[in-house]
Amino acid sequence: MLMTAANAMGGSATPPVIDIAGVQKRYGHVVALADVSFSVARSEVVAIVGPSGCGKSTLLNIIAGFDEPTDGTVLVHGAPIVAPGPERSVVFQQPALFPWLNVRRNIVFGFSRARAARQSARVDEFIDIMGLRGFEASYPYQLSGGMMQRVSIARALIRDPEVLLMDEPFGALDAQTRLTMQELLHDVWARYAPTIVFITHDVDEAVFVSDRILVMSARPGLIRDVVEVPLKRPRSYELIMSEAFVDIKRRVLAELHA
Amino acid sequence: MNKLNVNGITSVLALIGLIAATGAHGAASGPSSAAASAPAPLTLNVGYTKGGSALKWFVAQEKGFFTERGLHVNAIGFTGGIAAATALKAGSVDINLTAATGVATALSAGVDIKTFYASYDESAADWLVARKDSSITGIQNLKGATIGTSRGSTAWVCVMSMLKAEGLVGKVDVKDIKAQAWVAAMESRSLDAIQGWPPAAQQIVQSLGGRKIADCSSYARETIIWEAPAEVLTAKKHAVLVWIAAMEKAGKWISENPSEAAAIWSKYSGVPAKDAASALPYIEWLSVKDMLDPKHPSNMVNPDGLAKQYATYRSILDEGKIFPAALPDLARSIDPSLISEYQGHR
Amino acid sequence: MAAERTRSAQMLRWLRRGSGLGGCLALWCILSYGGIVSPGFLPSPSGIVERFIELAENGYANSSLWQHIFDSVYRTLAGFVLGVAAGTPTGLLLGYCRRFDESVGPIFSFLRPIPPIAYTPLFVLYLGIGDASKIVLIFIGAFLYMLLSAQAGVRNVPEVLVRAGRNAGLGGAGLFVRVIVPGSLPGIMTGARTALSVSWALVVAAELIAAQAGLGYMVSSAGVFFDIRTLFVGIILIGIVGLILDRTILMIERKLLHWQGR
């Protein structure tokens, strides 16, 4: 079944945080994204799944401002994107921590000295929530992969972003750590209700963390289907065995393999 | 740790290389004597100073005086006359153009060196040249000046003799400047004057407008000689005799064809022909007859000739602590046997 | 027990470290005291120690031994420090700013393959026979080397860190100062270490034609007059000072780059 832009829209009445319409991206003759449209509502978690090469990372780079679309519009709170910025904070797949800064300084990276001082209490708050207490003065090389992503998330959140862009953030972690991190993400959401665009190739992860899943197909990159995830929050990992969960997962997988 | 082990191995390898090299040296003198006992062809490995005044030799080479006598010459250029001791010791050079300082170097390197031919006297061409804008007009106002010359060379011995003779020891700063930096050091105004040998000294006067202050003839005679290890003179005697014949012819040719000689000099030394030509009249080209003449200041037969020059050099070099130990008697190297034999054959 | 094991492992390591040098020394002793190689070619260890003491007491060529060492170290460090101070920012800008690279890059591409030694007579002409001509020579060597290392250092800053910086709202100068410069530091320090050994090698060559003192001067002068023992003392001193310089900069590198966790 073909999707229309209207179907892909979130059903919410409030104006969307992100509004993407008719976005195309071509590299020479290669079409990375062909006519992608969707919007994301405030505090919504939208997961984008798809095979590699479907353009999901390109899409995220366009929203982040690292890349420009060949055609179409991307609006954040109704304004077009001109450059990367902290209001669209990215959590990269590879922990993008500055190795020469300790945990605390990585979290406030980009802040002026004065702002960092003002936000000192909030830094402590994030250090506690992210389970980084005792590691404030540690350097990235002293941290595990999971710890580094906790710092990355804290750094993204402390900027009070309009949207949190997560590019396979747990993709490089082992299964156990990934599970912990996904639950942590739920805690964070329960506290701050951020708007999140979450890129993943792991269907379980997509179903577990999101309110809505955009299923993409490759060559050309298209949104094939939108699957709603009407699972109640807070979610815990027992959910993964539930019929409702499996049902949604089945639908997503069916679309991916179609 | 691994790195250090590798370092250790490299040092061992380097040491083995060194042993191999010294072994090769021992072997090298073997074949050369073996080659000499075979009748033909005659070859000589000849060391000379590139920027210097080996003009007789350049002419003999250029005009084919060696080849017409069936002598094949391999030329090995050195940047300084005293640098050849290593090559002589290693057997890669049979005969070498130098002066008393070179003989001193070879002797202190443990080579049984012989002075077998006195080529020319350049003391009148070894000049103290002041910068054109310096206040120095003569030896009398040299006090407080800075003079450059290559330490330990003939020119340096000349400067030291001059300072001694003029009572200027300790009143003039003598800097060690290698010949290739003479012009640059003068132009940069780091020096008031240069003591230089021909044709560089004449070049400084002509090209830079330098002023000639003094020459060496009244302070230290500078006879440029040919040296060879004793065993070469035995093993390659015939080749060396042929070589002497060619050199004699070259000496005569230079006095008959001065302008062409200057052109050849220019070609070999890199100094402009007009500068070379201006140096030519100051050089006395010696013949075997001069070397055997007991009255000639460069003679090789009595204590008043070359032997006297060598004694002066020895004391100046020793005073200047140029060599790590006191020098032996340089005059014991003087060996007129080959030139006598050459003269007898004529 | 574990501590004991590491202690014995450490002792073994020191033993191995010593064995290479000790082996060489032993071989040297056998060769020289055994009379296999004449002292004119390879002086004995005691002959060199003797000469060292003589030089330490009486100096060489009108300068004390310490003056020779000091002159070389001073020229090296002065040229090196100036080279790092000028070469690093230039290299960083070349790596960061394409337009700068396009306009001035070709000058350095042209200069780079020229061995600085080739300038020696020129610098004597322009700067005279004093320290300046040697320091500038070393400066050129260190500068060109630092330029290359800093430029490569910029290229080696992971793209994801540049993106993280831009994502934090940085661009232009801010990104340069807060991401590019610290991110290039490992490359810069590796470059600095090599540049220092290049500088030390250059000083020896710089002292060849118009120096009045310095280890390079001492070695070349001793070589000319076939003073083999002084030559060996000079070479050994060049090696020791070079090693000290290298260890020092390695220590600075470790301090500056502690965050690499090495």
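The table that follows gives values for the structure above.
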{"read-out": "For C:Trp28: the one exception among (1) open to solvent by 20 Å² or more (accessible area, probe 1.4 Å); (2) facing chain B (nearest Cβ under 10 Å); (3) closer than 15 Å to C:Thr230 by Cβ", "value": "(3)"}
{"read-out": "Residues being surrounded by fewer than 20 Cβ atoms within 10 Å (Cβ to Cβ), among the polar types (S, T, N, Q), in a helix (DSSP H, G or I) and at pLDDT 90 or above - total across region B:195-243", "value": "1"}
{"read-out": "Residue ID - surrounded by the fewest Cβ atoms within 10 Å (Cβ to Cβ), chosen from residues in region B:62-91 that are of a type in the set (S, T, N, Q) and without any contact (Cβ under 8 Å) to a residue 24 or more places away in the chain", "value": "B:Thr67"}
{"read-out": "Hits in region C:184-229 - residues which are open to solvent by less than 10 Å² (accessible area, probe 1.4 Å), in contact with an Asp or Glu (Cβ under 9 Å, 6 or more places away or on another chain) and within 13 Å of another protein chain (Cβ to nearest Cβ)", "value": "C:Glu207, C:Ala210, C:Ala211, C:Ala213, C:Gly214, C:Gly216, C:Tyr217, C:Met218, C:Ser221"}
{"read-out": "In region B:150-176, the residues that are closer than 18 Å to B:Phe78 by Cβ and of a type in the set (Val, Ile, Thr)", "value": "B:Thr154"}
{"read-out": "Of the criteria (1) closer than 18 Å to B:Ser217 by Cα; (2) surrounded by 19 or more Cβ atoms within 10 Å (Cβ to Cβ); (3) in contact with a strand residue (DSSP E or B) (Cβ under 9 Å, 6 or more places away or on another chain), which one B:Thr115 fails", "value": "(1)"}
{"read-out": "Check on A:Arg122, within 11 Å of chain C (Cβ to nearest Cβ) and either hydroxyl-bearing (Ser, Thr, Tyr) or in a helix (DSSP H, G or I) (or both)", "value": "no"}
{"read-out": "Residue within region B:288-301 that is of a type in the set (Val, Ile, Thr), assigned to a loop (DSSP other than H, G, I, E, B) and more than 20 Å from the chain's Cα centre (by Cα) present", "value": "yes"}
{"read-out": "Check on C:Ile244, within 13 Å of another protein chain (Cβ to nearest Cβ) and out of contact with any strand residue (DSSP E or B) (no Cβ under 8 Å at 6 or more places or on another chain)", "value": "no"}
{"read-out": "Residues being within 19 Å of A:Gln93 (Cβ to Cβ) and of a type in the set (Ser, Thr, Tyr) - total across region A:137-196", "value": "5"}
{"read-out": "Number of the condition not met by A:Arg219 [criteria: (1) modelled with pLDDT of 95 or more; (2) on the phi > 0 side of the Ramachandran plot]", "value": "(1)"}
{"read-out": "Residue list for region B:300-311, filter: free of Cβ contacts under 8 Å to residues at least 60 places away in the same chain and either over 22 Å from B:Thr101 (Cβ atoms) or crowded, with 23+ Cβ neighbours inside 10 Å (or both)", "value": "B:Val301, B:Asn302, B:Gly305"}
{"read-out": "Some residue of region C:32-54 being touching a Phe, Trp or Tyr at 6+ places or on another chain (Cβ under 7 Å), open to solvent by 50 Å² or more (accessible area, probe 1.4 Å) and away from chain B (no Cβ under 13 Å)", "value": "no"}
{"read-out": "Residue list for region C:68-100, filter: surrounded by 17 or more Cβ atoms within 10 Å (Cβ to Cβ), farther than 18 Å from C:Ser133 by Cβ and either aliphatic (A, V, I, L, M) or free of Cβ contacts under 8 Å to residues at least 24 places away in the same chain (or both)", "value": "C:Ile69, C:Val84, C:Leu92, C:Leu93, C:Leu94"}
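Residue by residue, here is whether (1) open to solvent by less than 10 Å² (accessible area, probe 1.4 Å); (2) in a strand (DSSP E or B); (3) of a type outside the set (Asp, Glu); (4) at pLDDT below 95 holds:
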| site | (1), (2), (3), (4) |
| --- | --- |
| A:Asp160 | no, no, no, yes |
| A:Met166 | yes, yes, yes, no |
| A:Gln176 | no, no, yes, yes |
| A:Glu183 | no, no, no, yes |
| A:His186 | no, no, yes, yes |
| A:Ala190 | no, no, yes, yes |
| A:Pro194 | no, no, yes, yes |
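The values are calculated or read from the model by the stated rules, or taken from the named source; none is laboratory data. This structure is a prediction, so every number in the text was calculated from the model and none was measured. Heads up, the Cβs are rebuilt from the backbone with ideal geometry, glycines too, and the neighbour counts pull from every protein chain shown. In case anyone asks, the SASA skips ligands and DNA or RNA and just uses the protein heavy atoms, side chains included. Shrake-Rupley method; radii C 1.70, N 1.55, O 1.52, S 1.80 Å.
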